[in-house]
Amino acid sequence: MKQFGKLYFFCGKMGAGKSTKSKQLSIEKHAVLISEDEWLSSLYPNQIATFEDYLKFSAQLKPLVKKHVQNILSVGTDVVMDFPANTQKQRKWFLDMASEINASHQLIFLNLNNEKCLRQIAQRRNEQPERGDFDTEEVFNHVTKFFEAPESSEGLNILEFSGRE
């Protein structure tokens, strides 16, 4: 029987540490890391100025990424995706990606409160000044309105971490 890779993806508010954890996990699992931020900045340089721009370009990217990830999984290699899975619709995209080819998956839910996320965003702003326009409390509050915590009814394999670990 064919052995597929495993798809790992993350849910957590802005600033919860999804990118940091995805890099760590890809090293631990010897997996291919695919970062939405890297793909977007390479394919659409200087074209993403607003949250609406991000949504538009992210949607354009997804069909190509899905096929690419399915190809990697189908040869038995694990994939860690640094893409948000913060709404039911986003999570369904990941679940479909894995289930269409009978690959397994793991959703890692970084369940941190707003205060901890905002502290980490402020720290990231200091470490990466180029992100200063986007890494603001205003943007955090805007995108957090759309955040939906994962539920068991979604049919996902969820591994949850709270801010106390």
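Each reported figure results from applying straightforward, stated rules to the coordinates on display, with no laboratory input. Predicted model only: the values in this text are computed from it and were never measured. Here Cβ is always computed from backbone atoms with ideal geometry, including for glycine, and neighbour counts include all displayed protein chains.
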Size of charge dipole - the stretch 90-165 - debye, nearest 20, with Cβ of Lys, Arg +1 and Asp, Glu -1, no other charges = 160 debye
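In this model, which of 6/116; 29/92; 2/56; 13/62 are farther than 28 Å apart at the alpha-carbon?
On the way: 6/116 30 Å; 29/92 23 Å; 2/56 36 Å; 13/62 20 Å.
Checking Cα-Cα distances, 6/116; 2/56 exceed 28 Å.
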Long-range amide H partners of residue 82 with built H, under 5 Å = 34, 35, 36
Specify which residue in the list 44, 73, 34 is farthest towards the positive end of the charge dipole of the chain, using unit charges on the beta carbon of Lys, Arg (+1) and Asp, Glu (-1), about the Cα centre.
-> 73
For the stretch 37-90, just say rounded, prolate or oblate: build the C-alpha gyration tensor, square-root its eigenvalues into a ≥ b ≥ c, call rounded for a/c under 1.5, and beyond that prolate if a/b exceeds b/c, oblate if not.
-> prolate
Estimated vicinal HN-Hα couplings, Hz - the stretch 22-34 in sequence order (Karplus 6.51, -1.76, 1.60; Gly, Pro = x) = 5, 5, 4, 5, 5, 5, 4, 8, 6, 10, 6, 9, 10
So, with +1 on the Cβ of K and R and -1 on the Cβ of D and E, and no other charges, what is the size of the charge dipole of the chain about its Cα centre, to the nearest 20 debye?
-> 360 debye
Global form of the stretch 5-123, assessed from the alpha-carbon gyration tensor, a/c cut-off 1.5 | oblate
For the stretch 136-151, in residue order, the Karplus 3J(HN,Hα) values (coefficients 6.51, -1.76, 1.60; θ = phi - 60°; whole Hz; Gly and Pro = x) are 10, 5, 5, 5, 4, 5, 5, 6, 5, 4, 8, 5, 10, 5, x, 10
